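Take a look at the structure set out below.
The values are calculated or read from the model by the stated rules, or taken from the named source; none is laboratory data. Since the structure is predicted, the reported quantities are computational estimates derived from the model, not experimental observations. Glycine gets a Cβ as well: all are built from the backbone with ideal geometry, and neighbour counts include every protein chain shown.
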Amino acid sequence: MSASQDSPKQYDIAVVGGGIGGLCLAVGLLRNKVPIQVYEAAPAFAEIGAGVAFGSNATRAMSLIDPAIKSGFDKRATNNGFDEKRKYWFDFRYGEEKGSEDRVGKLIYELESPAGQSSVHRAHFLEELVKLVPDGVAKFGKRLERVDDKGDHVVLHFHDGSTAKHSAVIGCDGIKSRIRQIVLGEQHPAAHAVFTKKYAYRGLIPMDQAARLLGDELARNSQMYLGHHGHVLTFPIENGKTMNVVAFQTRHDGKWEQDAWVVPMKKEDMFKDFEGWGKHVRDILSLMQKPDVWALFDHPSAPTYTKGRICLLGDAAHASTPHQGSGAGMAIEDAYVLSSLLGEISKPEELESVFKAYDTSRRGRTQKLVNTSREAGQLYEFELPGVGDDLEKFRENIKHRMAWIWTADLQGQLNEAKKSLKEKANL
């Protein structure tokens, strides 16, 4: 056993993966006095990417796991720059110029949100989470290769030749999760992520440069520019010092043939992809610093998130496209539910019942996110059947699209999961 040696629990947990989901789970387990060890493949905690958004559901989950997580987030979070824009998620604007010069840049819809646009630099939020994890809890350079489930314990086998024995293991190892393959079987059609026909150019712009070129309102508040088979979003991060930019496009042949999912790009390719778009979009692209191309993959729906004493969380369970800004938030919700359920038990023979109750609680909601996020990408790019580029139908769709994510009763869901646990474990 590792951390929390004075715990009354008779079991311990291996957490594989030290990203946002894994560390939120670790904090929740420590708070529930569950002995844990975190195994991270990298030589140190690190997050790739730049800005990540969190809805009100995610910030509630932070507080429910441990108020210190929410405090750390608040310390680093950035909202829209104008007070009158604080309650809005995005302003949706028409982004194309070709064939629609009269409406390029025009506002289509302002979508209100309980948390407004609340975002943070991934690496900065991770730094706050790391502060909540005591020294010795994490081991680095531990790339998992295999898990042997022995019935009453699991044995983890790492690339460096080492092994570790724990009562159970939770895979927080991301979209390319090795533990997902172990749970489902390597040949299962849902074991591996699939290309969604979308890719994105991601980059950052110093806010003072963006404001000079775009004006304060467009630069300092979240915007989404819509067009046929592409869209561009911007929002402030780093306390308003930086504009985060993601410019999406569709791969019409539906294939991504490179092994790497993040690759360097040539600016001329990006400008070619957005030929015919309006001045705002062209100006944004011209300022992007060191942009990369990100292929967007997601997970087919899995029939289960658990097998024996092995369980999946976050992107390992339900990797999603970013079109509804909720993938990381769902991982934090997972961490709240799973750490709370594990806090209810003390005996190792009850672990499988916890994992089954968690699976019952979380799978439907999180897989709905994967599917509706794909739809949102089509919506923003005028590809969604029944909506297309009809702006009235777009407004009606976007008005109601996000409420089920943002307004979820997380404590109510946990209570239902606890009831399910009692039934499964006869507690």
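Please verify whether the stretch 285-299 includes one or more residues that are in a loop (DSSP other than H, G, I, E, B), over 23 Å from Arg31 (Cα atoms) and at pLDDT 95 or above. The answer is yes, given that some residue of the stretch 285-299 is in a loop (DSSP other than H, G, I, E, B), over 23 Å from Arg31 (Cα atoms) and at pLDDT 95 or above. Against the conditions (1) surrounded by 19 or more Cβ atoms within 10 Å (Cβ to Cβ); (2) part of a strand (DSSP E or B), Ala328 satisfies every one except (2). Restricting attention to the stretch 249-277, the residues that are touching a Phe, Trp or Tyr at 6+ places or on another chain (Cβ under 8 Å), modelled with pLDDT of 90 or more and of a type in the set (A, V, I, L, M, F, W, C) total 5.
Based on what the data block shows, is Asp152 crowded, with 20+ Cβ neighbours inside 10 Å, assigned to a loop (DSSP other than H, G, I, E, B) and modelled with pLDDT of 95 or more? Against the criterion (crowded, with 20+ Cβ neighbours inside 10 Å, assigned to a loop (DSSP other than H, G, I, E, B) and modelled with pLDDT of 95 or more), Asp152 does not qualify. Pairing residues of the stretch 291-312 that are of a type in the set (Lys, Arg) with residues that are surrounded by fewer than 18 Cβ atoms within 10 Å (Cβ to Cβ), at Cβ distances under 9 Å and at least 6 apart in sequence or on separate chains, gives Lys307/Asp149; Arg309/Asp149; Arg309/Lys150; Arg309/Gly151; Arg309/Asp152; Arg309/His153; Arg309/Pro348.
Gln117 passes every criterion in (1) within 27 Å of Asp292 (Cβ to Cβ); (2) touching a helix residue (DSSP H, G or I) at 6+ places or on another chain (Cβ under 6 Å) apart from (2).
Consider the stretch 274-294 and keep the residues that are within 19 Å of Thr196 (Cα to Cα) and crowded, with 19+ Cβ neighbours inside 10 Å. The one that is farthest from the chain's Cα centre (by Cα) is Val293. What residue, of Lys399, Lys422, Lys418, is among the basic types (Lys, Arg), at pLDDT below 95 and part of a helix (DSSP H, G or I)? The conditions single out Lys422.
Does Ala53 meet the test of being of a type in the set (A, V, I, L, M), at pLDDT below 95, under 18 Å from the mean Cα position of the chain (by Cα) and crowded, with 21+ Cβ neighbours inside 10 Å? Yes. With respect to (1) in a loop (DSSP other than H, G, I, E, B); (2) farther than 29 Å from Leu342 by Cα, the lone exception for Ala408 is condition (2).
Scanning the stretch 39-78 for residues that are part of a loop (DSSP other than H, G, I, E, B), in contact (Cβ under 8 Å) with a residue 60 or more places away in the chain and more than 25 Å from Ser340 (Cα to Cα) yields Ala41, Ala42, Pro43, Ala44, Ala46, Glu47, Ile48, Gly49, Ala50. Looking across the stretch 63-80, just one residue is in contact with a helix residue (DSSP H, G or I) (Cβ under 7 Å, 6 or more places away or on another chain), surrounded by fewer than 20 Cβ atoms within 10 Å (Cβ to Cβ) and of a type in the set (Gly, Ala, Ser), and that is Ser63.
Residues checked against (1) surrounded by fewer than 15 Cβ atoms within 10 Å (Cβ to Cβ); (2) among the aliphatic types (A, V, I, L, M); (3) farther than 28 Å from Ser346 by Cβ:
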{"site": "Glu383", "(1), (2), (3)": "no, no, yes"}
{"site": "Val387", "(1), (2), (3)": "no, yes, yes"}
{"site": "Leu391", "(1), (2), (3)": "no, yes, yes"}
{"site": "Lys399", "(1), (2), (3)": "yes, no, yes"}
{"site": "Trp406", "(1), (2), (3)": "no, no, yes"}
{"site": "Leu410", "(1), (2), (3)": "no, yes, no"}
{"site": "Leu414", "(1), (2), (3)": "no, yes, no"}
{"site": "Ser420", "(1), (2), (3)": "no, no, no"}
{"site": "Ala425", "(1), (2), (3)": "no, yes, no"}
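If you go through the stretch 157-177 and keep only what is farther than 21 Å from Trp261 by Cα, in contact (Cβ under 8 Å) with a residue 24 or more places away in the chain and of a type in the set (S, T, N, Q), you end up with just Ser167. Among residues of the stretch 353-380 that are in the same structural domain as Ala331 (by TED's automatic domain parsing), those with a Cβ under 6 angstrom from a residue that is among the charged types (D, E, K, R) and surrounded by fewer than 22 Cβ atoms within 10 Å (Cβ to Cβ), sequence gap 6+ or separate chain, pair up as Ser353/Lys424; Lys356/Lys424; Ala357/Lys424.
Of the residues Lys267, Lys347, the single one that is loosely packed, with under 14 Cβ neighbours inside 10 Å and either closer than 30 Å to Gln10 by Cα or touching a helix residue (DSSP H, G or I) at 6+ places or on another chain (Cβ under 6 Å) (or both) is Lys347.
Val120 - would you say it is under 17 Å from Gly325 (Cβ atoms) and touching a Phe, Trp or Tyr at 6+ places or on another chain (Cβ under 9 Å)? Yes; evaluated as a whole, the condition is true for this residue.
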